[in-house]
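Throughout, read-outs are computed from the coordinates displayed, never taken from laboratory work. Because the structure is predicted, anything quoted here is derived from the model rather than measured. Backbone-built Cβ (ideal geometry, glycine too); neighbour counts: all protein chains shown.
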Amino acid sequence: MRLRQILRLIGILNFFLGLFMLAPLVVSLIYSDGSFLPILYSFIITSGGGLVLFVATSTADYTALSQREGMAIVTFGWLSAGFFGSLPFLFSGSIGSLTNSFFESLSGFTTTGASILNNIESLPQGVLFWRSLTQWLGGMGIIVFSIAILPFLGVGGMQLYKAEIPSPVVDKLQPRISETAKTLWKVYLLITVIEIGLLFIGGMPLFDSICHTFCTMPTGGFSTHGSSIAYFDSAYFEGVITVFMVLAGVNFALHFKFLKGDFRVFGRDPECRIFLLILAALILLVTVNIYGTVYESIAGAFRRAAFQVTSIITTTGFVTSDYERWPASSQIILFLCMFIGAMAGSTGGAIKIMRIVLLVKYGFREIFRLVHPHAVRSIRLGGKPVPEEVLNSISGFFILYLGLYVLAVLIMSFLGLDVMTSLGSVAATIGNVGPGFGLVGPAKNYVSVPDLGKWALTLCMLLGRLEIYTVIIMLAPAYWRK
Amino acid sequence: MKIIIIGAGEVGFNIAQRLSEENHDVVVIDKDQNKINHLQTVIDVQAIVGSGTNPSILQEAGINESDIIVAATDSDEVNLIACFYAQYLTEYITKIARVRNSGYTEHSDMFKTDFLNIDLIINPQSEMVSSMLKLMEVPEASEVLDFVNGKVKLIGVTVKEDSPLVGRKLSSFQDVEQVLLVGVIIRGEEVIIPSGQDVIQPNDLLYCVTRKEEISTIFRLLNIREAGLGRVVIVGGGTTGLALATSLDKTNINTKIIEKDSQRCLELAEKLEKVVVLNGDGTDRDFLVEENIADVDLMVVITGDEETNVLISLLGKALGAKKTVTRIGKLSYIPLVSTIGIDTVVSPRLSAIRAILQYIRKGKVVCVAPLKSEAAEVIEFEALETSDIVNTPLSEVKFPREAIVGAIVRGEEIIIPRGHNMIKPHDHLIIFALKGAIPKLEKLFTVKLEYF
């Protein structure tokens with residue numbers, strides 16, 4: 001562990017993060033909403049601090065980062081982004097306490113979309129824009145962004161990439177890691193631009209189009225309105241956003257291959273097929289369940305079900321209807337969706353389809369082995385055998401995920417929250433979804449959670465976004481030993 | 001350039017590492033998941049698990065956009081089949097194959113022109129034999145490389161303690177500056193591109209460029225007596241041993257070859273005329289003494305077991321052999337051996353890597369040779385008219401600090417340069433450089449490697 005290297009890269013990261021604050025600065029100028037100075041100060045502190053850190057550690061060389069260093073840079077880099085990202089909220093007075101600001105900021109970067117704001121519409125546009133931008137940056141990864149523009153990272157970039165986008169199998173799309181990162185960002189940017197265009201054409205104000213797109217593509221879920229997407233009450237907007245939530249929930253490597261001309265890639269990819277199948281089945285189930293009981297027309301039921309199921313399973317967290325008024329079976333389906341998540345390699349959170357599929361296959365293999373004790377059988381996905389070490393890592397991930405979930409639920413309940421709130425708030429934060437159940441349900445927000453609970457949930461968000469291992473390893477004594 | 005490398009063994013790995021560092025896009029294919037995992041954490045390349053003889057894997061690796069395919073697995077057949085598919089999938093790709101079986105290389109024309117269009121067939125063993133033969137031309141040097149068709153020689157020599165150069169600053173070499181230029185000093189594991197202020201110490205390994213005719217002047221300066229090569233002992237009668245012995249069989253050098261296996265000895269004796277074939281164990285001290293190892297000028301130890309090779313060489317040195325050449329396969333051992341007293345190392349893998357890199361980087365880069373420790377290289381560049389460096393005194397050219405011009409070759413003339421010398425268009429420059437300086441040098445020479 002070389003402290004200099006770690007600090008230097010975190011410095012670079014903060015510098016870039018600060019530069020991104022120039023965008024809301026422009027917005028605040030356009031709207032002259034009074035948030036210009038607070039954002040300017042935030043920019044100066046973030047970029048300036050980053051630059052000082054970068055210059056002060058100029059003797060470090062970063063060419064050969066070890067895996068450990070990569071993990072430290074990513075974890076602490078994200079924490080520092082959460083902190084500096086909260087400055088515009090604090091300085092503008094939009095959010096009073098540090099706890100709340102940090103919660104909102106990290107909820108943004110981790111693309112959770114859990115908010116503590118009661119009256120979102122009253123915020124200055126500049127701050128609202130920053131709030132959406134944090135999600136967009138966090139979706140593809142601030143560190144992947146740095147890798148894309150810092151070619152000197154070389155192999156070190158690979159360590160950071162693996163720590164920030166921890167997928168069961170690492171997809172390197174291009175021979176070089178910086179090219180891979182660039183490619184991902186280009187694809188991300190392209191789909192973002194298309195969605196903004198479609199929303200704007202449909203009549204959504206430009207500001208709202210941009211902000212909502214910035215929160216769709218990373219499967220984030222922040223809205224510029226208190227009632228989220230329900231505010232617009234437009235089937236067109238809901239349709240567009242539903243489609244783009246699905247796109248954001250697909251592995252970006254597939255988008256890349258599609259754009260390169262391989263048009264059948266989505267149908268061929270086994271994980272994608274299963275994802276779409278699960279999505280369709282659950283939408284159908286919920287539609288049938290809420291038709292007649294909550295909604296009079298089948299079209300209305302389908303519209304609400306399609307949006308809400310997609311929003312939760314891709315871990316976006318946009319809301320068009322208060323699903324807590326739905327029948328229990330629909331609520332349970334949504335609760336389970338918070339755990340399933342979207343595809344590996346997408347911007348979505350939670351356990352992810354690939355892991356679920358492999359775990360199920362793993363389970364069936366054990367049954368097969370009981371029948372044929374001497375059988376040797378490898379687990380296949382789409383005809384390709386999956387290495388045992390990948391399976392081990394997935395089982396480990398699953399156990400840790402559930403273990404941490406249970407632990408956090410216990411903490412929440414001891415802080416005095418009711419059963420549904422405890423279960424829902426942790427599921428929604430560790431899965432980077434956003435709205436949960438009970439006190440933190442779709443029609444409410446996280447402001448009523450006790451401060452200690454907010455910090456616990458903040459940690460859950462980070463654990464979920466960086467897929468457990470990268471963060472939890474910081475707690476292992478062996479990690480710090482020389 | 002985009003380059004596909006099949007096989008992530010030592011040869012494939014090292015080539016991938018070099019090319020990736022030189023900003024080429026590299027895709028490596030190997031069957032072994034573990035090797036691929038390791039590779040990906042150490043070098044910035046795309047790695048694919050799969051067989052290089054599977055066309056769909058080759059396509060996944062992007063063979064259609066690739067410029068070069070290097071088949072460097074341990075298996076000749078896999079390499080040849082990979083080239084076959086590459087030829088089938090993309091007609092104009094440059095194909096390089098590592099082929100070890102001499103049965104195949106004897107008919108290499110078939111693979112090269114008639115059938116597979118393989119551009120370069122590397123036989124590590126014959127590369128190694130030819131580098132050993134070059135070394136025998138200048139037996140006092142630990143390494144000999146040819147530039148400009150052999151007119152300029154790069155030699156590596158170890159400074160003895162009684163050498164008159166010990167303790168002198170390089171800048172004080174007024175008397176020899178027309179003759180030699182020290183390009184790299186290797187001191188222990190440290191690699192130095194020297195400036196005038198550096199002082200020569202005993203046991204330094206110096207790499208210098210010089211004209212072929214002046215090699216003896218250098219040895220005189222270093223107080224090394226040129227004895228010529230009288231007696232050679234080869235330990236190990238495998239294919240390499242046989243190939244080397246066959247070449248020596250035609251010369252007047254008194255050669256003996258030691259082989260453990262008596263059956264093999266019969267075969268050797270049938271094929272060799274003058275060379276004395278001895279059936280015995282090279283690790284047997286008494287046997288070596290009996291064969292008068294103390295009088296031997298050069299002992300070449302090339303059995304199949306590299307650890308044994310090291311021990312036999314040390315034993316031979318202890319018994320009085322003047323110089324040893326040791327075959328070592330594992331590249332990680334190579335920087336260590338000079339510290340334990342082994343003079344010269346040959347390695348089939350290093351030879352293969354050199355030959356492949358040389359070929360890939362061809363273009364205006366005429367010739368490249370990685371030096372012993374792999375941290376430095378000697379490169380032969382051709383100065384283009386369009387390049388910034390021509391017609392300026394060398395002292396004013398913004399050379400990277402880690403590089404030094406060793407020689408300028410202008411037609412028949414060979415100049416060992418000083419600061420006032422100018423580079424003219426079409427001069428060939430021989431440059432010593434640490435690894436990190438190579439991309440900068442390429443820029444300086446505006447040598448775009450997208451030559452193909």
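General remarks:
- DSSP-loop trypsin sites (Lys or Arg not before Pro) across the range A:204-275, with at most 13 other Cβ within 10 angstrom: A:Lys260, A:Arg264
- From its DSSP helices (H runs of at least four residues, each -39,500 (n - 2.57)), the protein assembly as shown gives a residue-normalised ellipticity at 222 nm of -14500 deg cm²/dmol.
- Across B:Lys256/B:Lys322; A:Lys186/A:Lys260; B:Lys153/B:Lys256; A:Lys186/A:Lys257, pairs whose alpha-carbon gap is larger than 21 Å: B:Lys153/B:Lys256
- Anisotropy class of chain A from Cα gyration tensor, a/c 1.5 cut: rounded
- Pair A:Lys361, B:Glu137: separation of 7 Å Cα→Cβ label points (nm): 5.9 nm
- Going from the fewest other Cβ atoms within 10 Å to the most, the residues A:Cys337, B:Cys265 appear in the order B:Cys265, A:Cys337.
- FRET efficiency for A:Gln67 and A:Ile194, using Cβ-Cβ distance with R0 set to 45 Å, rounded to 0.05: 0.80
- Peptides A:282-292, A:209-219 ordered by average Cβ neighbours within 10 Å, highest first: A:209-219, A:282-292
- Taking N as the residue count of the protein assembly as shown, its C-alpha radius of gyration divided by 2.2 N^0.38 Å amounts to 1.15.
- A viscosity of 1.002 mPa s and a temperature of 20 °C, combined with the Kirkwood radius over C-alpha pairs in the Stokes-Einstein formula, give the range A:406-482 a diffusion coefficient of 167 µm²/s.
- The simple spin-label model puts a point 7 Å past each Cα toward its Cβ; for B:Thr283 and A:Ile149 those points are separated by 6.1 nm.
- Residues in the range A:239-265 that a label on B:Gln59 would reach, taking backbone N under 16 Å of a point 7 Å out along Cα→Cβ: A:257-258, A:260-265
- Cα-based shape type of the range A:142-299, given that a ≥ b ≥ c are square roots of the gyration tensor eigenvalues and the cut on a/c is 1.5: prolate
- D_trans [Stokes-Einstein, Kirkwood Rh over alpha-carbon pairs] for the range B:2-122, 10 °C, 1.306 mPa s, µm² s⁻¹: 114 µm²/s
- The GluC sites (Glu not before Pro) of the range B:403-443 that meet both conditions, a loop assignment by DSSP and at most 13 other Cβ atoms within 10 Å of the site Cβ, are B:Glu412.
- Counting DSSP beta bridges with both ends in the protein assembly as shown, the antiparallel % (nearest 5): 55 percent
- Each residue of the range A:348-482 gets 157 Å³ once the volume of the Cα convex hull is shared out per residue.
- Spin-label model, A:Val376 to A:Asn119: label points 7 Å out along the Cα-to-beta-carbon direction sit 7.0 nm apart.
- Stokes-Einstein diffusion for chain B at 4 °C, viscosity 1.567 mPa s, with a Kirkwood radius from C-alpha pairs, works out to 56 µm²/s.
- Three-way shape label, the range B:380-433, alpha-carbon gyration tensor, a/c 1.5: rounded
- Residue exposure sequence - A:Phe54, A:Phe237 - by fewest surrounding Cβ within 10 Å: A:Phe54, A:Phe237
- Projected area, mean over directions - the range B:232-319, Cα convex hull, nm²: 5.0 nm²
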